[in-house]
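Visitor: Sending over a structure as structure tokens; questions will come in a sec.
The values are calculated or read from the model by the stated rules, or taken from the named source; none is laboratory data. Because the structure is a prediction, the values reported are computed rather than measured. Note that we place each Cβ from the backbone using ideal geometry, even for glycine, and neighbour counts take in every protein chain shown. What goes into the accessible areas is simple: the full protein's heavy atoms, side chains included, and nothing from ligands, DNA or RNA. Shrake-Rupley method; radii C 1.70, N 1.55, O 1.52, S 1.80 Å.
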Amino acid sequence: MNAATPRNDELGFIADYVDDLMNRPAADTDAAAAQRRLLAAIEDRRRKRASSGAAVPRRWAAAAAVLGLLALSAVPFLPGGGGGVAFADVQRYFEQFETMQATMTVETAGREVMTMNILADGQGRTRLDAGELFTFVIDPVAGRMLQLMHGSRTALQVPLGPGSEVPDEARLEWLEDIRAFQGEARRLEAVRRMDGREVRGFELRTGGQAMVLWATRDGEPVRLTIRQGDREEPMGVTRLDFRFDEPIASDAFSLDPPATYRLVQGGPDAD
Amino acid sequence: MHPQPTPLETWAMEPTDQNPSVAELARAHGRRVYHAAYRVLGDAALAEDVQQNIFLGLLEKPRGDVQSWPAYLAVAATRAAVDELRRRHRWSRLTPAWLEHLRDTSDPPETLAMHEDRALALRGALSRIRAREATCFALRYFQGMELADIARTLGLTENHVSVTLHRAVKSLGAQLKDPQTNIEETES
């Protein structure tokens, strides 16, 4: 491949970057091992199909095909078949909740570097509380966002719309990703107890992160654990502990700054 | 509902005069797909995920309209790898941006050295530009494909590919040049 790479005159200084990247190819041993596992996986899939097809009488095959179509969306989430919770049930919780509360804990190099409480409701409103640092309230229905910086006791009200800067952490993109997750969710064999409840884990393979979502027998998500960085050298672990549809304070999504906070223009940093 | 496999499903499992089986394709092109994905991702495990997804995906959704399997697979691997790269970047946002500096200060020296690596910087920049630009760039400069082949396989005109590549180089240049400029300004 290297020989076929066009000479990079049109790349300017980026050519050096491309050369560095191309000069660090995958290890042959890794490529060979991946190739072996690929061929084994294809053969395994072929055998399973062949054996299931041969054993099914023709009249049942048609019915099975119809049922298969109906169950198509659930198939990737039921490895090994059998009963128990399906990942689709777990996903449903993230789609249909009235309120979701999550405590997010981030650990780096074995030490806890932050804890943040997340509150969301079915209308898309979100509240983030990062201890003594800040509180964000985002209300897409009202089209406004409130930012409270607790250190300086300042408040900022921002209209939501094109061009408005919603902080990355306030967008809850991970929630959208779980709702839309179409990849492989492998159910783990291990059973654990969390908060006195029996939970099963689903390993989600997406985005290079090793994520495990733990849920009760009826599909209620309890904990999501995400290992950041490379599998070999994880940079940290993020854990979210969930609670669904519990009562919340009536003013949890209030966009009015507390009386003791000073409203500033142009953002808290401008103060 | 017809209980028998469709011709395409049959093709996926068994070779015909016109088409190889997926197993034959994997034997012939599996490593190339792996390497194509690795160049974009720089991660053996992720490259293997892409490789498996592509060939096992062909078992589930057979393709009977492929003119050139090497080109098709190179594009499929690159596209999937770029998607993975972008998704990876997206998931990293789960950790608030203001925490990143805390991480940087606690990184061991070898990790800091890795952050300075240009290959890593290029992959990072690729994850931030438009997906189509990143795909065209990787196909052209990582996989060494000709403009005409990229255009044919992506269903674009050569001119469109050329413009997209030009934009990709410009976007990557901006992404990669800024940190360098800042360092020079700080040092002077």
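Visitor: Do any strands (runs of 3 or more DSSP E) entirely within segment A:163-265 hold 2 or more residues that are at pLDDT 80 or above and in contact with an Asp or Glu (Cβ under 8 Å, 6 or more places away or on another chain), and if so, which? Even if it seems obvious, please write down each step before you answer.
Guide: Values: elements: A:185-194, A:197-206, A:209-216, A:221-229, A:234-244.
Because the criterion is at least 2 residues that are at pLDDT 80 or above and in contact with an Asp or Glu (Cβ under 8 Å, 6 or more places away or on another chain), the strands (runs of 3 or more DSSP E) in segment A:163-265 that meet it are A:185-194, A:209-216, A:221-229, A:234-244.
Visitor: Another question, then. Does any residue in segment A:198-211 that is more than 7 Å from chain B (Cβ to nearest Cβ) and open to solvent by 10 Å² or more (accessible area, probe 1.4 Å) come within less than 6 Å, Cβ to Cβ, of a residue that is at pLDDT below 80 and part of a strand (DSSP E or B) six or more places away or on a different chain, and which pairs are these?
Guide: A:Ala210/A:Arg227
Visitor: Using the structure shown, decide if A:Ala40 is at pLDDT 85 or above, within 9 Å of another protein chain (Cβ to nearest Cβ) and within 23 Å of B:Glu48 (Cβ to Cβ).
Guide: So A:Ala40 fails the test.
Visitor: Please specify each residue of segment A:106-116 satisfying the condition of being more than 7 Å from every other protein chain (Cβ to nearest Cβ) and loosely packed, with under 15 Cβ neighbours inside 10 Å.
Guide: If the condition is that a residue be more than 7 Å from every other protein chain (Cβ to nearest Cβ) and loosely packed, with under 15 Cβ neighbours inside 10 Å, then A:Gly110, A:Arg111, A:Glu112, A:Thr115 are the ones that fit.
Every residue, every condition in (1) under 34 Å from the mean Cα position of the chain (by Cα); (2) more than 8 Å from every other protein chain (Cβ to nearest Cβ); (3) modelled with pLDDT under 50, yes or no:
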{"residue": "A:Ala4", "(1), (2), (3)": "no, no, yes"}
{"residue": "A:Arg24", "(1), (2), (3)": "yes, no, no"}
{"residue": "A:Arg49", "(1), (2), (3)": "yes, no, no"}
{"residue": "A:Asp89", "(1), (2), (3)": "yes, yes, no"}
{"residue": "A:Gln101", "(1), (2), (3)": "yes, yes, no"}
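Visitor: Please go through segment B:138-163 and pick out each residue that is among the hydroxyl-bearing types (Ser, Thr, Tyr) and open to solvent by 10 Å² or more (accessible area, probe 1.4 Å). It would help to see each step written out before you state the result.
Guide: To start, the set of residues in segment B:138-163 that are among the hydroxyl-bearing types (Ser, Thr, Tyr) comprises B:141, B:153, B:157, B:162.
If the condition is that a residue be among the hydroxyl-bearing types (Ser, Thr, Tyr) and open to solvent by 10 Å² or more (accessible area, probe 1.4 Å), then B:Thr153, B:Thr157, B:Ser162 are the ones that fit.
Visitor: Just the residues that are surrounded by 12 or more Cβ atoms within 10 Å (Cβ to Cβ) and not polar (S, T, N, Q), please, taken from segment A:125-136.
Guide: Here is the first cut: in segment A:125-136, the ones surrounded by 12 or more Cβ atoms within 10 Å (Cβ to Cβ) are A:125-130, A:133-136.
Result: A:Arg125, A:Arg127, A:Leu128, A:Asp129, A:Ala130, A:Leu133, A:Phe134, A:Phe136.
Visitor: Okay, next question. Among the residues of segment A:11-22, is there at least one that is modelled with pLDDT under 90, at positive phi and open to solvent by less than 60 Å² (accessible area, probe 1.4 Å)?
Guide: Yes, that holds for at least one residue.
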